[in-house]
Every structure is written in structure tokens, then in C-alpha cells.
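Nothing in this text is a laboratory measurement; each read-out follows from the coordinates by a stated rule. As the structure is a prediction and not an experimental result, all values here were calculated from the model. Heads up, the Cβs are rebuilt from the backbone with ideal geometry, glycines too, and the neighbour counts pull from every protein chain shown.
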Amino acid sequence: MKLVKPWPDPYKVNPNGGYGNRRHPITGRTKKHRGLDVAYKGFIYSPADGEVVHKGAALNKSTGGGYTLIVKHASDLYTVYYHLREPSELAVGAKVRLGDVLAHTGTTGASTGVHLHVETRKSRRWGSDFDPETVIDMSRSAANGATPGQSATQSTPKLVEDGILGRNTWGAVQTMLATEGHYKGRVNGIPGKTTIRALQAWLNEVV
């Protein structure tokens, strides 16, 4: 099973944020990093259909993963999210679809700044992790208007400057608003009440 990135473009994995041994930014010791770190502030999107199977809180500033969330996508594929800004609004047992908002990035627990920490595991169990880049299509983002049933390898339609306020343009607006922390709906290019309210909130900040 292939996943897409749970964060939007153009954010990339931090230079020292890959999977494997690294010097820990807090302790200074060489230690295995079990996921990917992305310096991104905003909503986290489900990289595939799945089910929430765990919510946790380990808020110790020296050792904790902060507010956490685990989503099951297949019998042998789970994604794990650490250091969330607050507990996810999703309940354990909630079904999610590709592109749904899971939570918001934060810096709770043992963290040096707001970022996304995502792991892939073969089970819920800690220690069953493997390199996320072996299953995540790094060319596709779940925030880019993906819909259920759409292949992760399908290309995202290019936004053309044609003067038409159409679905592609509204999808780009929704992605921007989500990145700014205002939009919690699905990025689908359809400007409903959720989109308009998010746009108004964003305008109140910048005007």
C-alpha cells in the first residue's frame, strides 16, 4: 500500500529529520530517529483511508512525544504523529479518508519547535517502525485536493491563470487557508461555508 505525504507542498523533510541514527537535538546523544521531521506549522492530512486506533499524551519536556495520534491504514501499516498542538478532535474508532484533517502540528513533549513528526509502523507497537520514505510517495501530498479512490500517483492539475474562479483556484485557496491554520475541511475546490469562514478569518488577520 502506498501513502501520500500528510503535509502540504512545498515543505520538505528537515536536513537532520530523516529516518535512522542522528544526534538528538535535546540530549546531544546519537539515537535512532524513528520517523520523519518536517518544519511545518499547520494541519496534518490523512495520507490514506484509515481508522484512528490511539490517542495519547506524553507531555514530559525531556522524553515525551507530546499529544499523539495513531491511524491504522492496513493490517501491517500504521502512521503515528507526535508533538501535536492539542489532542486530535477525532475519537478512537473514527474512520478517516484520504485528505481528511487529522490534527495540527505543535511542539508538545520533547520538542525544540513546531514541526510534524510522522512515523510508519507495521503495528501499533512502539519499535515496529520502518523508514516512511519506503511507502510515502514524496511527490504527492494529501493536502492537494486528493479524493477517495484517487491514485496517489495521479498528478495534481496545474493551476492556470485563466481569470476563472473555478475548482482548481478554490482548491489552492483552501490549501493556503489550511496551511495558515484556518481551514479544517476537505480540500475539494468547493467553496462552502467552512471555506468562506476560514477566508474571512484569514483576511481579518492580514488586513
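Run the dipole for segment 1-124 about the Cα centre, Lys and Arg Cβ at +1, Asp and Glu Cβ at -1, nothing else charged, and hand back the magnitude in debye, nearest 20.
540 debye
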Taking neighbour counts of Cβ atoms within 10 Å as a proxy for exposure, in what order, fewest first, do Val173, Val206, Val92, Val101 appear? Val206, Val92, Val173, Val101
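What's the tally of Lys pairs in segment 1-153 whose alpha-carbon atoms lie under 15 angstrom apart, where the two lysines are 8 or more places apart or on different chains?
Working: Lys2/Lys72; Lys2/Lys122; Lys5/Lys41; Lys12/Lys41; Lys55/Lys72; Lys55/Lys95; Lys72/Lys95; Lys72/Lys122.
So the count works out to 8.
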Suppose the chain between Leu59 and Lys95 were pulled fully straight at 0.36 nm per residue; how much longer would it get relative to their current alpha carbon spacing? 10.3 nm
Work out the length of the dipole vector of the chain about its Cα centre, built from +1 on the beta-carbon of each Lys and Arg and -1 on the beta-carbon of each Asp and Glu, and round it to the nearest 20 debye. 620 debye
Using a Cα-Cα cut-off of under 19 Å, which lysines could be cross-linked to Lys193, ignoring same-chain neighbours fewer than 8 residues away? Lys184
For the chain, what is the percent of antiparallel DSSP beta bridges, rounded to the nearest 5? 90 percent
Could you tell me what fraction of 2.2 N^0.38 Å the Cα radius of gyration of the chain comes to, as a two-decimal ratio? 1.02
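How much mean residue ellipticity at 222 nm does the chain get from its helices, if each DSSP H run of length 4 or more adds -39500 (n - 2.57) and you divide by all residues, to the nearest 500 deg cm²/dmol?
Numbers: 2 runs with 27 residues, N = 207.
Rounded to the nearest 500, the figure is -4000 deg cm²/dmol.
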